[in-house]
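Asker: Structure incoming, see below.
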Amino acid sequence: MADLSNLAGLGSDPSGEIDSSASSANNRSLRLAEKEKRKGEADPFGLAVKYLSQVEAGTVVRGNDELERNMLVVETVALSKGLPSEVITVLLDLALSLNAGTGNCARVLKFLIPATVVPQEAIVKGVSWLCVGKMPMNAQVLFVRWVLTVFDLIDCKDNLRSIYGFIFSFVTEENLCPFICHLLYLLTMREHVHPYRVRKLLDIQAKMGRQPFLTQLLALYKVFRPDLVTLSLPSRVRTGFKNHNSTWKVALSAVQRKNKGAVLVDQSLSLDVKEKPSTRKRKLHHLAIPPLSSAFNSNSNKKVFCLQELRSFRELLENIHNIELPAQMGSLLGSALALHYLDCVQDESASLRLNFWLGHSLQEEFLLCPVDGSSDNTSEACRFLSTILFSQQFLQEGFSSTESFLYKFLSVWDGCLLRPQILDLLSDIPLMPSFYMHKLLFEPLKQLYFTSTVFFKCSIIECLNSMLIKWLTWHSVSALEGGLDISLNSNSTMTMTLSGFMDSVMELVRFVGLLASEGLRLENCHVLLLNQTLAFYETVCDMFLKYSLPLIIMPPAGVFYPALFATDSVSVDRLGYIMYRYRKNLTLAKKQEQQREQTFHISRNTYKEFNRNLQAMVNSMWNSWWCIPGSDIEIDKDLISLSKVAEPWCRFDLIHHPALFSYAIEFHQRTGKYWNWYMEFLFNQGFDGLNNFIQTNTGHGSGLSSQDDRQPMNQP
């Protein structure tokens, strides 16, 4: 019995074990389910994305609270933090497939804000949905606008370029055409330009007229294949593509401010140019130079060498024929090697793309985008403009897009915002015909000049002096090359004759003469303004000898006489140097005219002006008679007598001149009273300009100190 009972006990044990194991398994499933539930509650965004990825065609949209709830969760995260790349793919497919309805298609596209990058496969699939033809036109336009907005964030573009033909087919859609042309402009490479595409664009232009977006794309086609585009296009095509990112701008800015440094792309930051209680303020935007990145996938079959892989100039030379331009042309500005490549290759398409990027960044972001500003934004903008300046100085010429931006910006500039950078950019403006200079350059500068401080006036004169030096240097290089026509820019076909160049230089010099004369009068001949003005005329006086330009322009009386009667010795010495160099230039010009070695002749009025100024300077400083009857500075004798100054006629000679009187006293106290000893003492103080002037025009100089020339100082 015991055995039987034992057998029975043995038989009942397995069933108990099975029950307990089943119970533990159920408990584990419950725990896992509870864990998943808690995880779902902790990550509603993940559940919402999962739900939206499973929405199928035919899903009821109206009154679907679950769809609306999950859509709202994703929208909130998108507008606050941005969306990961894999979520971008899911939501773009949901929107363009119309599985969630037409209304939700536009809604999803509007909150499709990337946190980092956009996978190009998502864009390619989006274009395939575009080809299906199910979407309404407004949704198609919104999709292409979104692609243009995030174009710089697309991780790679080789697959996009491989479907160039599909994208091109949409140019026939009138509503889509401006946006498709813009997208094609960003994607176009030489292999994409074919005769049938050129013909198609010309047919569309015949129907729609000369639209800027068509002209811009045809201009790019002409750069790649001038044999196919025989249509004459303007030498400077204005930007034909508008800013299409207004729908996403604020959200992108907010996301990128939170995710600082994650993506380098145009961000909205602003500075008020003027504090006005206006609803529309001129703002300044955050701009960053994007990093170098290839336009092709590393797994692509194309044999290219990426610019970001370059480490030395030697590598650049070895791979110069295999280098592929980056996906974002703005990244060239941040790399010296990339600028070397741009300068060596002289690729017109690269210049066109770079100018387009700069034009968009400067004109659209600096001028048109109102967002709040801060001191951080100022430093960011300074770095951006400084990078442009470095690039222009490296290439030794300015960008045409920078020039266009400056002409617009000057009309709204207050003279304070980013002053050093703006003036440096202004000095890089290339030569322009004289009839454009007044409206585009002189008028806005004149308004700023006469309403600003003396220090800003000095900055303007310095800027225009730098501009003149660059123009003259450009001319001297052209003259050495033997060309009569002067190219305005290495990337431009526009040229200017020598007479046209001289007209532009003459207008600039006369404009500065006007500014300086009035500025010195308003600022009581401020010494800083006077010295900046004299620095400008040190450039002007040597245009013939130093820069081979047969043009000599004398300073106006409003500049010459304040310098002649200045109270600081530096100004008087600089004037002496300027008059000395004018004499050298005029003497050579006269000699060449007599030998008939030059076509252009110096005007007789120029010689008369020089002789009049020379007579006034020699008479006042050497002959001790500054008030000559019939001269520019003739003063009534009765008026002079009212001043009760003893011997007024000698008050501006080398002894009594206010700028030199302290040196005369020092010499008299130290050494003695002989004239030539004083002259030697004076010129040993570093007054080389006065020394050259006196020696050239009177025959006396610092080298004369013999016993026969020892005359008392009061008898010069």
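Asker: Placing +1 on the Cβ of each Lys and Arg and -1 on the Cβ of each Asp and Glu in region 123-239, which of I154, M137, S232 has its Cα farthest towards the positive end of the resulting dipole?
Answerer: Among I154, M137, S232, the one farthest towards the positive end of the dipole of region 123-239 is S232.
Asker: Continuing with this model, one more query. So, in nm, how far is label Q211 from label F313 when the simple model puts each one 7 Å beyond its Cα toward the Cβ?
Answerer: Distance between the two pseudo-spin positions: 4.7 nm.
Asker: If the only charges are +1 at each Lys and Arg Cβ and -1 at each Asp and Glu Cβ, what is the size of the charge dipole of region 331-445 around the Cα centre, to the nearest 20 debye?
Answerer: Rounded to the nearest 20 debye, it is 140 debye.
Asker: Hey, which of these cross-link pairs are over 26 Å Cα-Cα: K125/K249; K242/K446; K200/K242; K249/K408; K446/K608; K125/K222?
Answerer: K242/K446; K446/K608; K125/K222, as the Cα separations exceed 26 Å there.
Asker: Moving on to the next point. Ranking request for peptides 143-154, 334-345: highest mean number of other beta-carbon atoms within 10 Å first, then the rest in descending order.
Answerer: For the peptides 143-154, 334-345, the packing ranking is 143-154, 334-345.
Asker: Let me ask something else. Quick check: pseudo-label points 7 Å beyond the Cα along Cα→Cβ at F435 and V570, how many nm apart are they?
Answerer: 4.3
Bear in mind these aren't lab numbers, they're just calculated from the coordinates by the rules spelled out. Everything quoted here is computed from the prediction, not taken from an experiment. Cβ coordinates were reconstructed from backbone atoms using ideal geometry, including for glycine residues, and neighbour counts include every protein chain displayed.
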